[in-house]
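Coordinate-derived values only; no laboratory data. Nothing here was measured: the structure is a model prediction, and the numbers come from that model. Note that we place each Cβ from the backbone using ideal geometry, even for glycine, and neighbour counts take in every protein chain shown.
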Amino acid sequence: MWGGITEDNSFGTHDFLNMCKLLGTEPYLAGNTGSGTVQELADWVQYVNFEGRSPMSDLRVKNGQEKPWEVKFWGVGNEAWGCGGNMPPLWKEKNSYYHWTETLMKLHRCFNNFTQAFKISFQFCVPSQGKI
């Protein structure tokens, strides 16, 4: 629910990136590593940006987008506080710096094989736990 309206996620990746192209603006995509996985984010980056042959880039072509969008700006850790307004009891433990170090190491391993083909910038959205 958002503003009393159920969000059904029908405005997807293709819709958003094509809209950004029409508006002449650089898109920013944020991966949910709160309830999502590192592999899901790696697959999404590959789907959107990888020009070579892979299961995800092949799916993008099958879905009607032959050339990659070459999204430069990505966020890692969107909705890291637990997603959906439900802060779990292990929130502090889950969002420790150790958790984020582990997440970043997994991302590095996932991206190592295909990020050589494009330049990418990540913003890490991690909770400060009251610290700056």
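Per-residue extension of 0.36 nm, minus the Cα-Cα distance of residue 8 and residue 72, leaves a gain of 20.4 nm for this segment.
Note on residue 53/residue 19: beta-carbon distance plugged into 1/(1 + (r/R0)^6) with R0 of 35 Å gives a FRET efficiency of 0.80.
At 0.36 nm per residue, minus the direct Cα-Cα distance, what do residue 35 and residue 101 gain on full extension? Give it in nm, one decimal, please. Present the calculation step by step, with values, prior to reporting the outcome.
Working: separation 66, 0.36 × 66 = 23.76 nm, distance 1.67 nm.
The residue 35-residue 101 span can extend by a further 22.1 nm.
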